[in-house]
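The values are calculated or read from the model by the stated rules, or taken from the named source; none is laboratory data. Bear in mind that the values here come from a model prediction, so they are computed numbers and not experimental data. Quick reminder, even Gly has a Cβ in these numbers, built from the backbone with ideal geometry, and neighbours come from all protein chains shown.
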Amino acid sequence: MRLICGIGPDTLASHRTATGAHVELRHSKKCGASWARTWGTEIGDRLDVTAGGPTHEVRIGNKDDAAAFMYTEMTEVGPGSTVRACFRPATADAERECFEARVGGTTTTGPRGLDTAGGE
């Protein structure tokens, strides 16, 4: 994690995917940034995060990635910002799973494959 933003962050939301992977939306009030992290993944899984700006993605590229916590890049947020994560499993027949949380608010979990922001 860059600088000290990863020290003592809040967990905005936590989700367990249909494939068994874990995904969390994290937030650092000190840095005004959020990101997503995942673990329990398979090679080829992808996770992206957005908060109204650019989307940041991490892909599980090898067995070492799959055995560790993997983090997206940070995205700038402020109070009331909505942070959205989408997990895309490597298996062809599995659906994308998205969920979101508001900085300083509550979690909103959508149905599997939810895509209200465009894209795939």
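Just a few scattered comments:
- Meeting the requirement of 2 or more residues that are aliphatic (A, V, I, L, M) and out of contact with any helix residue (DSSP H, G or I) (no Cβ under 7 Å at 6 or more places or on another chain), the strands (runs of 3 or more DSSP E) wholly within segment 1-68 are 10-16, 22-28, 33-39, 46-50.
- Residue-level check: of (1) among the charged types (D, E, K, R); (2) in contact with a Lys or Arg (Cβ under 8 Å, 6 or more places away or on another chain); (3) at pLDDT 95 or above; (4) assigned to a loop (DSSP other than H, G, I, E, B), Glu95 misses just (3).
- The set of residues from segment 74-89 being surrounded by 15 or more Cβ atoms within 10 Å (Cβ to Cβ) and of a type outside the set (Val, Ile, Thr) comprises Met74, Ser81, Arg84, Ala85, Cys86, Phe87, Arg88, Pro89.
- Residue that is modelled with the highest pLDDT, among those in segment 2-18 that are more than 13 Å from the chain's Cα centre (by Cα), of a type outside the set (Gly, Ala, Ser) and surrounded by 16 or more Cβ atoms within 10 Å (Cβ to Cβ): Pro9
- Search result, residues across segment 32-52 that are at negative phi and over 14 Å from the mean Cα position of the chain (by Cα): Glu42, Ile43
- Test: residue in segment 57-77 that is out of contact with any strand residue (DSSP E or B) (no Cβ under 7 Å at 6 or more places or on another chain) and at pLDDT below 95: no
- Segment 71-90, residues that are outside any loop (DSSP other than H, G, I, E, B) and touching a His at 6+ places or on another chain (Cβ under 8 Å): Thr75, Val83, Ala85, Phe87
- Meets criteria (buried (at least 16 other Cβ atoms within 10 Å of the Cβ) and free of Cβ contacts under 8 Å to residues at least 60 places away in the same chain) for His56: yes
- Residues located in segment 29-46, provided they are of a type outside the set (A, V, I, L, M, F, W, C), surrounded by fewer than 21 Cβ atoms within 10 Å (Cβ to Cβ) and modelled with pLDDT of 95 or more: Gly40, Glu42, Gly44, Arg46
- The residues of segment 98-114 that are modelled with pLDDT under 90, out of contact with any His (no Cβ under 7 Å at 6 or more places or on another chain) and either assigned to a strand (DSSP E or B) or exposed (fewer than 12 other Cβ atoms within 10 Å of the Cβ) (or both), listed by number, are Thr106, Thr107, Thr108, Gly110, Pro111, Arg112.
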